[in-house]
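Here's the structure we're looking at; comments come further down.
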Amino acid sequence: MSYTFQFRDVFAAWEFILQGVAMTLYLSAVTMVLGLAIGVACAAGRLYGPKPLRVLVGVYVESIRNTPLLVQLFIIFFGLPSLGVRFDATTAAVITLAVNLGAYATEIVRAGLEAVPKAQVEAGHSLGLSGLQVFRHIVLFPALRMMYPSLASQFILLMLATSITSQIAVEDLFHVASIIQSRTFRDFEVYTVIGVLYLLLALVFRGGFALLYQLVFARR
Amino acid sequence: MALLEIDKITKRFGTNTVLDDVSLTVDAGEIIAVIGRSGSGKSTMLRCINGLEPIQGGRITVDGMQVNDKATDLRKLRQQVGIVFQSYNLFPHLSVSRNITLAPTLIKGITEAEGREIAREVLQRVGLEEKLDAYPDQLSGGQQQRVAIARSLAMRPKLMLFDEITSALDPELTGEVLKVLEDMAKSGMTMILVTHEMGFARRFGSRLVFMHEGRIREEGPAAATLAEPRTQELETFLGAVLH
Amino acid sequence: MIREFGWVDVLYLVFAMRWTLALTATAFIGGGLIGLVIAVLRVSRVWPLQAIAVLYVQAIQGTPLLVLLFVFFFGLSIVGLPVLPWIAAALAFSIYAGAFLGEIWRGALDAIPKTQWEAGSALGLGFGEQLRHVIMPQAIRMAIPPTVGFLVQLIKNTSLAATIGFVELTREGQLTTASTFQPFAVYLTVAFLYFLTCFPLTQWSRHLERRSYGPA
Ligand SMILES: Nc1ncnc2c1ncn2[C@@H]1O[C@H](COP(=O)(O)OP(=O)(O)OP(=O)(O)O)[C@@H](O)[C@H]1O
Ligand SMILES: [Mg+2]
């Protein structure tokens, strides 16, 4: 083993790395909000909507869940322009990630809504609550609590998956790594450092989600 | 020498002392009925006897083997001491026959065919010979509990521990399990039973042990002790369960 | 030379799928072995072993697969192995699958009631005998649906091996795009091929899941 590890050049590019982290956080945050919105809308459509809508949502969920994110990204970024629909890399990334997360979120939200016992809904109606009141006070809160852990892990998976957008040159943390690599030729070191950073981000996310859970759900 | 000797044992879960200075000697052929309020430590005592729970003080000796000793082979010990739980705990993925033969074939190295003979014999003792190839979920609660007893018997234990084995059963199924216990009692098996069946304890128990807050509060001949409790606690307890 | 995206290209894509499947199979076997060890360490009653398993799972599940791939790709030469994409991919995907399968299988082992272990103990069975004869057979039944579900994830994720130049389905798609300039048609075809592989597995996994809740 004659290889000497050298991290100095890598750490010298810290400003650069921070920019990458910022981009990764931005992508994660925006797509979490969008993806969750898609998920809630589609879950509602799938559960309460008319038949054609339910089928449509089903097709959406299955086609996303059974194809790779990378290929979805290529279709939207490289494929759509040939139909005249053109996005810059970051927009294409946000769209792809949100659409992708939305499909998983749909399933999670749907499962959560379905898990609220029917008897409780009936009890609510029998107390004279309106449909919306029952949904808000009886279905939504327990359902949210139930789906929270799955959503949180899906969000962390998504944060890690934002690295894939580097493949269409979005300047996220992973992309920064490849730039530093081309300057320093310290490839192994660069990717190790980047890996540790992602790991830290994942830990921060997990901690944040746990804290949020305590704040929102555990007190009641 | 006594078959079982419990000598001043202490058992704690964290800071919660569950058994405190408990001593009990059981000779071969005795039938000990253990009664007491929920949480008084009855199950814990049974679990300590066959080494499912470590103890923090004192000594337990079964047939000359010290339970709480690193040098003791727990596998050997458990061939001598069978235990049956309230919730049967049969292996749902195995047939009745395999439930019974699993331990003997693995531990005593007997063949599956020999094991099956043993299974047939012990099932006969609990009146379920025809269920040899059934699966646990095809049996009623009472039948499952009888299979669990048969499974323990197949190891040819010298001492049997029963932890409220009829408590999960419907009243009409309790009888068939008690019948099995009766037969075992008559055949001279040494048994310790935690039970709420006072009638059974009175008729078949050679001795009664009343546990209260982790201690043996009262102990004596079963029928006499039940008829004339000496402590206020036992009197109160009996008042509560008999009325 | 630019040409039309035609049936020949589709055929090439279909052929490239064998590398997708080969990588999936390799990772599934490698990851399965690792996962088995991880799951058993987790249910062992020895805390340093548990800690090792937890750390492994946390570290791998907290790192993007892309990073794993690149670390292994560039790490090969350091440990004196030939720098070949398929070696790096096989290693990275096995390590990755090991963490996820280990976690899935631990979940299945944990789902078996403690009283089953205890019943085994009480009969004098040792830890290994309890695991092998009492717990595993029940856990396997529970573990099959999520394992098949993960297999789908694995198939899809092997697409990332394209980024280190391993020519599987997605990489073949990139190459075809470069020579036909018809990315939309090509990538849709690629996606469709993935779908054809994954969808039946997804359905099967769902079917199995329903079955295990069925009348027992
Ligand atoms: N694994 C455990 N961890 C912590 N505490 C325990 C554990 N098992 C039992 N205990 C505690 O030990 C005490 C005695 O429990 P035990 O099960 O022996 O009572 P018991 O007399 O069998 O009661 P019951 O009639 O309800 O079965 C209880 O306070 C119980 O909470
Ligand atoms: Mg008890």
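The values are calculated or read from the model by the stated rules, or taken from the named source; none is laboratory data. Note that the structure is a prediction, hence the values are computed from the model and not measured. We place every Cβ from the backbone using ideal geometry, glycine too, and count neighbours over all the protein chains shown. The area values use the complete protein model at the heavy-atom level, side chains included, leaving out ligands, DNA and RNA. Shrake-Rupley method; radii C 1.70, N 1.55, O 1.52, S 1.80 Å.
From the alpha carbon centroid of segment C:150-198 to that of segment C:18-69 is 25 Å. Here's the picture: charge each Lys and Arg Cβ at +1 and each Asp and Glu Cβ at -1 in segment C:7-210, and of C:TYR12, C:LEU23, C:TRP117 the one pushed furthest to the positive end of that dipole is C:TRP117.
With each label modelled as a point 7 angstrom along the Cα→C-beta vector, the C:THR115-C:VAL46 pair spans 3.1 nm.
In terms of its C-alpha gyration tensor, segment B:29-149 has an oblate overall shape, because the principal axis ratio a/c (a ≥ b ≥ c, square roots of the eigenvalues) is not below 1.5 and a/b does not outweigh b/c.
Between beta-carbons, use under 14 Å as the cut-off and find the net charge around A:ILE76, counting Lys and Arg +1, Asp and Glu -1.
On the way: positive: A:ARG86; negative: A:ASP88.
With Lys, Arg at +1 and Asp, Glu at -1, the neighbours total 0.
Among B:PHE13, B:PHE210, B:PHE162, the residue with the largest mean-square fluctuation in a Gaussian network model of chain B, with springs joining Cα atoms closer than 10 Å, is B:PHE13. Once each part is reduced to its C-alpha centroid, what is the distance from segment C:83-111 to segment B:77-91 in angstrom? If we compute the Cα centre of each part, the gap is 38 Å. In this simple spin-label approximation, B:LEU242 and A:VAL33 carry label points 7 Å from Cα along the Cα→Cβ vector, and these lie 7.4 nm apart.
Taking amide H atoms as placed 1.01 Å from N in the peptide plane, the amide H of B:GLY57 lies under 5 Å from those of B:THR10, each 5 or more residues away in sequence or on another chain.
Between chains A and C, what is the buried accessible area summed over both chains (1.4 Å probe, protein heavy atoms, nearest 100 Å²)? Each step should come with its number before you reach the end.
Values: alone 12470 and 12100 Å², together 21500 Å².
Result for this pair: about 3100 Å² buried.
Placing dummy labels 7 Å off each Cα toward the beta-carbon, the span from A:PHE11 to A:GLU62 is 5.4 nm. Dividing the convex hull volume of the alpha carbon atoms of segment C:7-210 by its residue count gives 131 Å³ per residue. Starting from the Cα of B:ARG230, move 7 Å in the Cα-to-Cβ direction to define the label point; list residues of segment B:31-50 whose amide nitrogen is under 13 Å from there. Once the point is set 7 Å along Cα→Cβ of B:ARG230, nothing inside segment B:31-50 turns out to lie under 13 Å by backbone N.
Let a ≥ b ≥ c be the square roots of the eigenvalues of the Cα gyration tensor of chain A; is it rounded (a/c under 1.5), or, if not, prolate (a/b larger than b/c) or oblate? Write out the running numbers ahead of the final one.
On the way: a/c = 3.34, a/b = 1.77, b/c = 1.89.
Oblate is the answer for chain A, as a/c is 1.5 or above yet b/c matches or exceeds a/b.
If the cut-off is 16 Å between C-alpha atoms, which aspartates and glutamates fall inside it for B:LYS11, apart from same-chain ones fewer than 8 positions away? Hits, sequence-local ones excluded: B:ASP20, B:ASP21, B:GLU53, B:ASP69, B:GLU213. Largest mean-square fluctuation among A:ALA44, A:ALA13, A:ALA103, in a Gaussian network model of chain A whose springs join Cα atoms under 10 Å apart, belongs to A:ALA13.
Counting only heavy atoms of the protein chains and using a 1.4 Å probe, C:TRP86 has close to 150 Å² of accessible surface. Taking every protein chain into account, the 1.4 Å probe leaves A:ILE108 with about 30 Å² of accessible area, to the nearest ten. So what is the diffusion coefficient of the protein assembly as shown in µm² per second by Stokes-Einstein at 25 °C and 0.890 mPa s, using a Kirkwood Rh over Cα pairs? Result for D is 83 µm²/s.
Which of A:THR31, A:THR91, A:THR165 moves the most in a Gaussian network model of chain A with Cα springs under 10 Å? It is A:THR91.
Restricting attention to segment C:1-85, which trypsin sites (Lys or Arg not before Pro) occupy a DSSP loop and are surrounded by at most 10 other Cβ atoms within 10 Å? Intermediate values should be presented prior to the final figure.
Numbers: sites: C:ARG3, C:ARG18, C:ARG42, C:ARG45; in loops: C:ARG3, C:ARG45.
Here the sparse-neighbourhood loop sites are C:ARG45.
For segment A:169-203 versus segment A:108-138, the spacing of their alpha-carbon centroids is 47 Å. For the cross-link pairs B:LYS8/C:LYS114; B:LYS70/B:LYS186; A:LYS118/B:LYS42; B:LYS131/B:LYS186; C:LYS114/C:LYS156, the ones whose C-alpha atoms lie over 32 Å apart are B:LYS70/B:LYS186; A:LYS118/B:LYS42; C:LYS114/C:LYS156. Taking only protein heavy atoms and a 1.4 Å probe, the accessible area of chain A is 68% carbon and sulfur. Note that chain B, at 25 °C in a medium of 0.890 mPa s, gets a Stokes-Einstein diffusion coefficient of 133 µm²/s from its Kirkwood radius over C-alpha pairs. Using a probe of 1.4 Å on the protein chains alone, the accessible area found for C:TYR56 is around 50 Å².
Take the solvent-accessible surface of the protein heavy atoms, probe 1.4 Å, and return the percent of it on segment C:7-210 that carbon and sulfur atoms account for.
Numbers: 6250 of 8460 Å².
The computed percentage sits at 74.
Here segment C:87-160 is assigned +1 on the Cβ of each Lys and Arg and -1 on the Cβ of each Asp and Glu. Its dipole about the Cα centre then comes out at about 160 debye.
Enumerate by residue number the trypsin sites (Lys or Arg not before Pro) in segment B:63-106 meeting two conditions: DSSP loop (anything except H, G, I, E, B), and at most 13 other Cβ atoms within 10 Å of the site's Cβ. Before the final figure, lay out each step's value.
Working: sites: B:LYS70, B:ARG75, B:LYS76, B:ARG78, B:ARG98; in loops: B:LYS70.
The qualifying sites are B:LYS70.
What is segment B:120-170 by shape, rounded, prolate or oblate, if you read a ≥ b ≥ c off the alpha carbon gyration tensor as root eigenvalues and call it rounded for a/c under 1.5, prolate for a/b larger than b/c, and oblate otherwise? Display every interim value, and only then the final one.
Values: a/c = 2.28, a/b = 1.06, b/c = 2.15.
Oblate, since a/c reaches 1.5 and b/c is not below a/b.
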